[in-house]
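> Sending over a structure as structure tokens; questions will come in a sec.
The values are calculated or read from the model by the stated rules, or taken from the named source; none is laboratory data. This is a predicted model, so every value here is computed, not measured. Positions of Cβ are generated from backbone atoms using ideal geometry, with glycine treated the same way; all protein chains shown enter the neighbour counts.
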Amino acid sequence: MFTPESPKSTASHQLVRYAILIYWAIFWLFNLIDKVIGGAHFLWVGRDRFAQFQKYFASTGLDSPHIANAALAVAGALEAFSLVFFAGAVLHEVRKDRAASRKWFFLGTILTLATFTFFSIGDHWFGDRFELLEHTLFWFLSLSSWVVLVRLNDSGPPDRVELPKPQRRMATVTASVLVLITATAIFTHNRSDFHLRSDAVPAEQVGDNIYKVSFPFLGGSTVFENSIAEFKAANPTKDIQHIYTVPKPLRLKKADALIFYIFTEDQP
């Protein structure tokens, strides 16, 4: 037998419901933006997921960028559908249709669990224990959010988790558009920026016999070797004496980038 709750208790429960729903909608919105944009831009500093996935797969011997981009596209698709269902849950909550909001939130939670499971499998494969811990925590946080939300003001039998056909069609179309945009951004980035994994980076003179080289995130050992070779070719009268890297906390110009300085002296 259920007892009526006070208006104050009902209001506080409603506030928590809104907080949970809005949090997950914003969470997946920014994750999806991170997939589309990537890297550091004006008013936005994100991790370059394109390069991260390519480096992960390259570490296992799968150097083809198409494999990494396909995996990133799958992750982006899962995130797009998660965003759509959480946004739908918020919309139905605003309309006071709690049963529909609960259904949309449930489907968003299922997709969220699937997304973090997908990421966790990759973390095991690539040996990234820090990312594994992060994704595992979010997995349980998502599950806990569902448990908390359904227990708030839950005074009746559980609803069947089944969306009306028009709503299913709308969610599918909206998420498909987001998937198309994300996949286009992924493969466009691959076509325009993948060459940065090997292209030399020009050195910028910042002082007397001091030159600075700022790596793109995609840059690896090949970029370093080509950059040094290009520097020697462009400065035949200079001898390289020292090469210093900037400590990680000071690498503020570009997200996840390496900056190193070349100290030279004139040849006798």
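> Pairs please, first residue from segment 100-128 and without any contact (Cβ under 8 Å) to a residue 40 or more places away in the chain, second anywhere and of a type in the set (F, W, Y) and crowded, with 21+ Cβ neighbours inside 10 Å, Cβ atoms under 7 Å, 6+ apart in sequence or on different chains.
Within 7 Å, the pairs are L111/F81; L111/F85.
> Give segment 57-92 a look and list any residue that's in a helix (DSSP H, G or I), of a type in the set (S, T, Y) and surrounded by fewer than 20 Cβ atoms within 10 Å (Cβ to Cβ), or say none.
Within segment 57-92, the subset in a helix (DSSP H, G or I) is 57-59, 65-92.
Okay, now just the ones that are also of a type in the set (S, T, Y), so 59, 82.
Passing the criteria: only S59.
> Is it the case, given these coordinates, that V74 is touching a Leu at 6+ places or on another chain (Cβ under 9 Å), at negative phi and touching a residue at least 40 places away in the same chain (Cβ under 8 Å)? Spell out how you get there, then give the answer.
Working: touching a Leu at 6+ places or on another chain (Cβ under 9 Å): no; at negative phi: yes; touching a residue at least 40 places away in the same chain (Cβ under 8 Å): yes.
No, not satisfied.
> Also, I was wondering about something else. May I ask you to verify whether H135 is modelled with pLDDT of 90 or more and not β-branched (V, I, T)? Give the steps one after another, and end with the answer.
Numbers: modelled with pLDDT of 90 or more: yes; not β-branched (V, I, T): yes.
In short, yes.
> Of the residues S155, S144, which is assigned by TED's automatic domain parsing to the domain that holds F30, of a type in the set (S, T, N, Q) and modelled with pLDDT of 80 or more? Quick ask: steps written out before the conclusion?
Working: S155 fails: modelled with pLDDT of 80 or more.
So the residue among S155, S144 that is assigned by TED's automatic domain parsing to the domain that holds F30, of a type in the set (S, T, N, Q) and modelled with pLDDT of 80 or more is S144.
> Which of the residues that make up segment 93-115 are crowded, with 21+ Cβ neighbours inside 10 Å and among the aromatic types (F, W, Y)?
If the condition is that a residue be crowded, with 21+ Cβ neighbours inside 10 Å and among the aromatic types (F, W, Y), then W104, F105 are the ones that fit.
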